[in-house]
Amino acid sequence: MKKSIIALLVIAAFLTTAASCANSGAAPQTYVLVHGAWQAPYVWDSVQADLVKNGNKVIVVELPGHGADTTAPHRLSLDVYRDAVINAIAKTDGNVILVGHSMGGMVITSVAEKIPNKIQKLVYIGAFLPATGQALTDLAYSDPGSRLGPLLIPSADQLTLDVKHDSLTYLFINDGSQAVKDLVLTNYRAEPAIPFANKVTLTKEGFGSVDKIYIKTQKDIVISPTLQDRMIAAAGIKTVYTVNTSHSPFLAEPHTVSALLMKAAQ
């Protein structure tokens, strides 16, 4: 009797997942989500829930030095971030849709260069998208439309960067609910500085061989729409979606982001 009940529960779970996939109009995918600077895995909670509800598998990467991870700032680099994502992808079967926000765009670019055959698509959400030889700082310094620079506070040892606390939500989520703004403030940590200056080396055979999609954040004052357009053009990306939000659309309009990620898989 007990075995029969368990079998029925397994069948019911399978049918529920199958129905969710059918309703989404797409085969189930594996999404790997990479957060940006001054943020952590919590920012993807609502998007993750939507994707899983529709039958997809989701891996949310906690970059070293963020969230609950206590790796010392002097031990961090873009390569360390890259390897953390590669290790997460190595635990999956098949190819993944790799998603990066803001600084996470630098990370997923580096990952794609190393393991292009494991990546079905790269999706950039209001993200830095470098060309070979560029660092995040190169792109950021070329963006007069960004309001972040004057609000940064380097630590005495230059290993971390703080943002003026009264400007945090103004910069990252000025169109979010008060609850979301409180969440950002509660989870805030100073950002490791070294990875910002690490340059990428990219090839046609690596990064260049992976399909790419960009989701523009139209009201972004951290990475301006003008810089986003410039990076999109330089990378030759043809598929571009837009969200009418600030820098953190997964907090301001998570269901819109989830829908676009599922659309990107088609």
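Elements of the type helices (runs of 4 or more DSSP H) sitting completely within the range 159-266 and holding at least 1 residues that are touching a residue at least 40 places away in the same chain (Cβ under 8 Å), in contact with a strand residue (DSSP E or B) (Cβ under 8 Å, 6 or more places away or on another chain) and more than 29 Å from Leu76 (Cβ to Cβ): these cover 225-235, 254-264. For the range 106-139, the set of residues classified as crowded, with 17+ Cβ neighbours inside 10 Å, free of Cβ contacts under 8 Å to residues at least 60 places away in the same chain and not in a loop (DSSP other than H, G, I, E, B) consists of Val111, Lys118, listed by residue number. Residues in the range 24-74 that are in a helix (DSSP H, G or I) and of a type in the set (Val, Ile, Thr) were compared, and the one that is farthest from Phe128 (Cα to Cα) is Val52. Selection of the range 81-95 for residues being crowded, with 24+ Cβ neighbours inside 10 Å and in contact with a Ser or Thr (Cβ under 7 Å, 6 or more places away or on another chain) yields only Arg82.
The condition of being closer than 21 Å to Gly100 by Cβ, in contact with an Asp or Glu (Cβ under 8 Å, 6 or more places away or on another chain) and surrounded by 14 or more Cβ atoms within 10 Å (Cβ to Cβ) holds for only one of Ile213, Ile173, Ile223, Ile194, that being Ile223.
Is at least one residue of the range 142-157 in a strand (DSSP E or B) and either in contact (Cβ under 8 Å) with a residue 40 or more places away in the chain or aromatic (Phe, Trp, Tyr) (or both)? Within the range 142-157 (the criterion being in a strand (DSSP E or B) and either in contact (Cβ under 8 Å) with a residue 40 or more places away in the chain or aromatic (Phe, Trp, Tyr) (or both)), the answer is no, since none of the residues qualifies.
Read-outs: derived from the displayed coordinates by stated rules, not from any lab. This structure is a prediction, so every number in the text was calculated from the model and none was measured. Cβ atoms come from the backbone with ideal geometry, glycine included; neighbour counts cover every protein chain shown.
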